[in-house]
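Engineer: What follows is a single structure, and I will ask about it in a moment.
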Number of protein chains: 2
Amino acid sequence: MELKFNLKGAFKTSADPSGAKDVIAQYIAEANETTLTKGAPEGQGAKITEWSIVENSIEVTIESGRFVRAHDAMIRLRKPLAGKLGKEFHIGIRGIDVKEFTIEMPAEEELDNIRIPHVTNITNVEGGIKLELEVGESELENRIPDRILTLMEEKVKAKDYGGKAEHWQILWESEKKEHTFHGDPTQEMMKEGWIKRGASRGQWIHGPQSTRMFRTFERIVLEELLEPLGYREMIFPKLVPWEVWQKSGHAKGVYPEIYYVCPPKTRDPEYWEEVIDHYKVTHEVPTELIKEKIGEPIGGLCYAQCPPFWMYVQGETIPTEDFPIKVFDRSGTSHRYESGGIHGMERVDEFHRVEIVWLGTKEQVIATAKELHEKYMHIFNEILDLEWRKAWVTPWFMAQEGLTGLSEQGEAGTTDYEAPLPYRGEDGEWLEFQNVSINGNKYPSGFNVKCQSGEELWSGCSGVGLERWASAFFAQKGLDPENWPEEFRKRAGKVPEGINFL
Amino acid sequence: MELKFNLKGAFKTSADPSGAKDVIAQYIAEANETTLTKGAPEGQGAKITEWSIVENSIEVTIESGRFVRAHDAMIRLRKPLAGKLGKEFHIGIRGIDVKEFTIEMPAEEELDNIRIPHVTNITNVEGGIKLELEVGESELENRIPDRILTLMEEKVKAKDYGGKAEHWQILWESEKKEHTFHGDPTQEMMKEGWIKRGASRGQWIHGPQSTRMFRTFERIVLEELLEPLGYREMIFPKLVPWEVWQKSGHAKGVYPEIYYVCPPKTRDPEYWEEVIDHYKVTHEVPTELIKEKIGEPIGGLCYAQCPPFWMYVQGETIPTEDFPIKVFDRSGTSHRYESGGIHGMERVDEFHRVEIVWLGTKEQVIATAKELHEKYMHIFNEILDLEWRKAWVTPWFMAQEGLTGLSEQGEAGTTDYEAPLPYRGEDGEWLEFQNVSINGNKYPSGFNVKCQSGEELWSGCSGVGLERWASAFFAQKGLDPENWPEEFRKRAGKVPEGINFL
């Protein structure tokens, strides 16, 4: 089956256009050969197959394939037609009505019942599916039918072939190391009184010992990487409203993993009296009642950490000589609704990350990523003495939109750093404990940031997840400072005393 | 009007108790003089005014005043009555039914229509109000009527006399200082490119310059106060579930200012497909639909910062010699739904704070607070050179439960640090930029933390709000390092270059 659009619509006119019938007929015949074929391969333009004058309007039926789509054809016709009617007959075109709009598209398997905005009906037909749309003039102008088609094509592709596989290609691998420790570091840290589970899902409270380790990792990143490479610290916001995720692309797919944030509908104490009274009498928090009294979600908790940075440069033009711009943030927590069950510190709902962001021309961004890779290699080999590898994977900015495969911008993509966790055994899954991403022009384009020279801007980011570093390091080295590499031990200092319990 | 309880209830029996009529009559006459008067002043006990045998039950009507409340009387009667019936007649008591339960209480003004759990009707009567309750056996046992009464008495008090005023009593005041700067520091910081508004309400993005200032404040607190006084750093969670606020007392009143957090009902991608499709077609986030697809709020964003710490020590007994325990956290943001309108950095919805917590005997906690006050005085006088004062105010732990006045535990309470903001003029409101609180036994008791020796534990906390420090300091000193005190200037170093825009 070929892609096929069928639109029955009308140009509403300011007066009865019957007197212009011959001119209209002539124009339509002409348009079928010119306006509606422009840009399409021979014989594959759109075509007005029927037309008539009905009251104060000109009704047309347009059929098309993929090249000049019926809704684009309708828009293309409007202005020249208005010209003909206006000049000679003083009749204006008041607007466009869409009476019927169907799209037929190929699909090998049937699609289950799904609800798409502006789609009133989906039927499985021979060799494909047929969509019936309910759209008006503004939807045509905003190319809603194209968005619907793209979405449906994605769905059909996923259904027909399954998703493209996650990409994974090894780039570098350290030598294999003898691990003297084979325990689960989370269990060990709990046993030693370094951490306790928090009251919420996938959340930990860190005692003085664990906190010292996190701060040591952070200081290593500061002293060995951020300061020598000239990164400047900023403070990125941690509550992320939709606007940010719309521009960053996360609004396309991140919903299953977000902790949503809803504000109270009002601060008026009287409005909340019922909730307070309920609590004081029952000592139970009336969560159902509260859900009624809070507003719709305004966004969610920090998920990817760098998107809120971009509001700082949004819509701005930056002097050419100021690039590359290199900044970082370590001002708060990130939160993900992770899959259920009890996990250790390697998979948490609330975590701490140093987020590194850079911005410049393509060459600058690639060179900056290279510098980072070198520093990380130094840290993981000479200071933490880890067994690890790195791999070129599906970019995170695609994964977080629900996409797989690789970026179309060849040199854009994500490098994951992975480490074996000895307690998982020889064939156990390695842990991604770090990444470096070149995000192409995605963010400068999404947030409309320009370089003074007019050159295209690219950006990159790299997340240092402290829970992940701790999981990799303590899984390989254990908790006893005796077994830590000297370079780490001297930076960590004496492990502080924890809080003791009887 | 005197407080008056009237309960009509029944003891359900395992067989017809008619045969035991005389024994019951004798017991009730006796109980009216003994069981139901115990602990009450002469003549003010509860009284069974009527009783009868109806099918398999003994119905009683109990009247009482405030001392032996009718619902307590009912509970008191059960066991001895069961003894009499069991021994001689082999009849058991199966449970308690409450058929009618009213409370009459004094009030000078009428109460508006309010909804209280287990209260079916509230009527204004001569000299007071009358509550009709719908309760069962378990509510009697859980003393729900007492909680309802307490709540109503609070409401009546608030209505009759208005709330007690906020307490404020000056403790210390610096000398008046000449301020050479009179600008609004937030405006100035925006103009100089130090900060920009974030995308969410009351939220800022801090550029390298402002971030350096925050980190300098933080380092001053670390080097001048936390390290010399032996505080250990911890990492407190930042998503706060109800359980924590139930124990900390915040669940009694904090609702109007919380940013609520709701998880997705499931991570199943199919469940979210409709939302994703809607976004991809319309480019609008369907917040109404999302609200249907998320769960009830599980809690909220960090509000007071120290409550989640207490889950670490909850239910534990700690060796006597380990006290005082002194810890701090600076691992993330706090969020409050502040009153509307545009504010500067002195009142924000998202802010950064170093939270200091200590725990020990009453004497230790008071002495620890004193040490802190001394260090703060050193910092504000010798390093920041501020004009400031401190005052004894309504404790924050009371204010956050909607209470006013002062703590009943005499030496417990909050000291606020306040600074004038010259741009607000001579009579402008001073800014609370810091506090030190002695919280009495509230937290150790709420979270059930014990000292090995059995001595009562107290605790304290002190929040260093970096936005507040910045608002006070830059309001008095301005942004030009030339006008900063030398001790601050040398710690801040050269102000880093910001991100430049054309």
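The values are calculated or read from the model by the stated rules, or taken from the named source; none is laboratory data. Given the structure is predicted, the values throughout are model-derived calculations rather than measurements. Using ideal geometry, Cβ is built from the backbone for each residue, glycine included, and neighbour counts are taken over all protein chains shown. Surface areas here come from the heavy atoms of the whole protein model, side chains and all, with no ligands, DNA or RNA. Shrake-Rupley method; radii C 1.70, N 1.55, O 1.52, S 1.80 Å.
Engineer: I need the peptides A:88-97, A:241-250 ranked by packing, meaning the mean over residues of other C-beta atoms within 10 angstrom, with the highest value on top. List each step's numbers first, then the result.
Structural biologist: Numbers: A:88-97: 15.3, A:241-250: 21.3.
Going by the mean number of other Cβ atoms within 10 Å, highest first, we get A:241-250, A:88-97.
Engineer: Along Cα→Cβ at 7 Å, what distances in nm separate the A:Thr49 label point from those on the other copies, shortest first?
Structural biologist: Copy-to-copy label distances at A:Thr49, shortest first: 8.8 nm.
Engineer: Multiply the residue gap between B:Arg143 and B:Gln246 by 0.36 nm, knock off their C-alpha separation, and tell me the result in nm, one decimal place. Don't skip to the end; give the middle numbers.
Structural biologist: Details: separation 103, 0.36 × 103 = 37.08 nm, distance 1.79 nm.
Gain on stretching B:Arg143 to B:Gln246: 35.3 nm.
Engineer: If we restrict to alpha carbons, what Rg and Dmax does the protein assembly as shown come to, in Å?
Structural biologist: Here Rg and the maximum Cα pair distance are 35.2, 114 Å.
Engineer: Another one. Which single residue of chain A puts its beta carbon nearest to the axis of rotation relating A to B, and what distance, in whole Å, does that give?
Structural biologist: Smallest Cβ distance to the axis, with its residue: A:Gly332, 2.
Engineer: Angle check, please: helix B:362-378 long axis (alpha carbons) against the longest principal axis of chain B (alpha carbons), in degrees 0 to 90, nearest 10.
Structural biologist: Approximately 20 degrees, to the nearest ten.
Engineer: For B:Lys362, give me every one of the aspartates and glutamates with a C-alpha distance below 15 angstrom, ignoring sequence neighbours fewer than eight places off in its own chain.
Structural biologist: In chain and number order, the partners are B:Glu321, B:Asp322, B:Glu371, B:Glu408, B:Glu411, B:Glu455, B:Glu456.
Engineer: At q = 0.06, 0.07, 0.11, 0.13 Å⁻¹, work out log10 I(q)/I(0) for chain A with the Debye formula, treating every Cα as an identical point scatterer and leaving solvent out; two decimals please.
Structural biologist: Scattering profile of chain A, log10 relative to I(0): -0.43, -0.57, -1.06, -1.25.
Engineer: To continue, here is another question. How high is the relative contact order of the stretch B:4-161, given as a whole-number percent (alpha carbon pairs under 8 Å, six or more residues apart)?
Structural biologist: It rounds to 26 percent for the stretch B:4-161.
Engineer: Mind checking which aspartates and glutamates have their Cα closer than 13 Å to the Cα of B:Lys12? Skip sequence neighbours fewer than 8 apart in that chain.
Structural biologist: Here the aspartates and glutamates satisfying the reach criterion relative to B:Lys12 are B:Glu55, B:Glu59, B:Asp97, B:Glu137.
Engineer: Once you put a point 7 Å from the Cα of A:Glu456 and another 7 Å from the Cα of B:Thr317, both along the Cβ direction, what distance in nm separates them?
Structural biologist: Result for the modelled spin labels: 7.0 nm.
Engineer: Find how many whole Å separate the alpha carbon centroid of the stretch B:444-470 from the alpha carbon centroid of the stretch A:341-356.
Structural biologist: Measuring centre to centre over Cα atoms gives 27 Å.
Engineer: Which links in A:Lys238/B:Lys442; B:Lys47/B:Lys442; A:Lys177/A:Lys375; B:Lys176/B:Lys494; A:Lys326/A:Lys490; A:Lys375/A:Lys442 stretch past 27 Å when you go from one Cα to the other?
Structural biologist: Working: A:Lys238/B:Lys442 31 Å; B:Lys47/B:Lys442 37 Å; A:Lys177/A:Lys375 21 Å; B:Lys176/B:Lys494 29 Å; A:Lys326/A:Lys490 29 Å; A:Lys375/A:Lys442 25 Å.
From A:Lys238/B:Lys442; B:Lys47/B:Lys442; A:Lys177/A:Lys375; B:Lys176/B:Lys494; A:Lys326/A:Lys490; A:Lys375/A:Lys442, over 27 Å: A:Lys238/B:Lys442; B:Lys47/B:Lys442; B:Lys176/B:Lys494; A:Lys326/A:Lys490.
Engineer: If the label for A:Arg197 sits 7 angstrom from Cα along the Cα-to-Cβ line, what are its distances to the same label in every other copy, in nm to one decimal, shortest first?
Structural biologist: Listed shortest first, these distances are 4.3 nm.
Engineer: Turning to a different aspect of this structure: Just to confirm, what accessible area per residue do you get for chain A at 1.4 Å probe, in whole Å²?
Structural biologist: 42 Å²
Engineer: Also, I was wondering about something else. As I understand it, the value is the acute angle between the Cα axis of helix A:208-221 and the longest principal axis of the Cα atoms of chain A; what does it come to in degrees, rounded to 10?
Structural biologist: Taking the Cα atoms of chain A, the angle to A:208-221 is about 60 degrees.
Engineer: So what is the relative contact order of chain B, in percent, for Cα pairs below 8 Å that sit 6 or more residues apart?
Structural biologist: Once normalised by length, the contact order is 15 percent.
Engineer: Round to a whole angstrom and tell me the spacing of the C-alpha centers of the stretch B:2-61 and the stretch B:362-377.
Structural biologist: 56 Å
Engineer: I've got another one for you. If packing is taken as the average count of other Cβ atoms within 10 Å, what order do A:288-298, B:172-182 fall into, highest mean first?
Structural biologist: Highest-to-lowest ranking by the protection proxy: A:288-298, B:172-182.
Engineer: Ordered by residue, what ³J(HN,Hα) values in Hz, to whole numbers, does the stretch B:194-203 give under the Karplus form 6.51 cos²θ - 1.76 cosθ + 1.60, where θ = phi - 60° and Gly and Pro are x?
Structural biologist: So the Karplus estimates, Gly and Pro as x, are 7, 9, 9, 5, x, 7, 9, 4, x, 10 Hz.
Engineer: For A:Glu126, place a label point 7 Å from Cα along the Cα-to-Cβ direction in every copy; what are the distances to the other copies, in nm, shortest first?
Structural biologist: Its label point is 9.1 nm from the equivalent points in the other copies.
Engineer: I would also like to ask the following. With runs of 4+ DSSP H residues as the only contributors, calculate the mean residue ellipticity of chain B at 222 nm using -39,500 (n - 2.57) per run, divided by the residue total and rounded to the nearest 500.
Structural biologist: Helix-only estimate at 222 nm: -9000 deg cm²/dmol.
Engineer: Relative to the isolated chain, which residues of the stretch B:133-149 have their accessible area cut by 40 Å² or more in the presence of all protein chains (1.4 Å probe, heavy atoms, no ligands or nucleic acids)?
Structural biologist: B:Arg147
Engineer: Same structure, new question: Ignoring any ligand, DNA or RNA, what whole percent of the accessible area of the protein assembly as shown comes from carbon and sulfur when the probe is 1.4 angstrom?
Structural biologist: Using a 1.4 Å probe with all protein chains present, the protein assembly as shown comes out at 45 percent carbon and sulfur.
Engineer: I'd like the distance separating the alpha-carbon centroids of the stretch A:193-250 and the stretch B:212-240, in whole Å.
Structural biologist: 15 Å
Engineer: Among the aspartates and glutamates, which fall within straight-line cross-link reach of B:Lys293, defined as a Cα-Cα distance under 17 Å, with same-chain neighbours fewer than 8 residues apart omitted?
Structural biologist: Of all the aspartates and glutamates, those that pass the test against B:Lys293 - Cα under 17 Å, at least 8 places apart if same chain - are A:Glu257, A:Glu288, A:Glu292, A:Glu296, A:Glu338, B:Asp268, B:Glu270, B:Glu273, B:Glu274, B:Asp277, B:Glu284.
Engineer: Rounded to the nearest 0.05, what FRET efficiency is calculated for B:Ala15 and B:Ile75 with R0 set to 22 Å and r the Cβ-Cβ distance?
Structural biologist: 0.45
Engineer: Still on this structure: With labels modelled as points extended 7 Å from the Cα through the Cβ direction, what inter-label distance (nm, one decimal) is found for A:Val125 paired with A:Glu223?
Structural biologist: 7.1 nm
Engineer: Report, in degrees rounded to the nearest 10, the 0 to 90 angle that the Cα long axis of helix A:70-89 makes with the longest principal axis of chain A.
Structural biologist: 40 degrees
Engineer: State the antiparallel share, in %, of DSSP beta bridges confined to the stretch A:190-317, rounding to the nearest 5.
Structural biologist: Beta bridges within the stretch A:190-317, antiparallel portion: roughly 100 percent.
Engineer: A further question on this structure: By how many nm would the segment from A:Phe181 to A:Asn483 grow when fully extended, if each residue of separation counts as 0.36 nm and the alpha-carbon distance is taken off? If you can, show how the numbers build up before the last one.
Structural biologist: Numbers: separation 302, 0.36 × 302 = 108.72 nm, distance 0.88 nm.
Stretched fully, the A:Phe181-A:Asn483 segment lengthens by 107.8 nm.
Engineer: Output the relative contact order of the stretch B:230-365, whole-number percent, from Cα pairs under 8 angstrom with separation of 6+ residues.
Structural biologist: 33 percent
Engineer: Ignore the peptide's own chain and count Cβ atoms of other chains within 10 Å of each Cβ in B:189-202; give me the average, rounded.
Structural biologist: Shielding by partners across B:189-202 averages 4.
Engineer: Computed on protein heavy atoms with a 1.4 Å probe, what is the summed buried accessible area for the chain pair A and B, in Å² to the nearest 100? Could you put the intermediate results ahead of the total?
Structural biologist: Working: alone 26030 and 26030 Å², together 42130 Å².
The A and B chains share an interface burying roughly 9900 Å².
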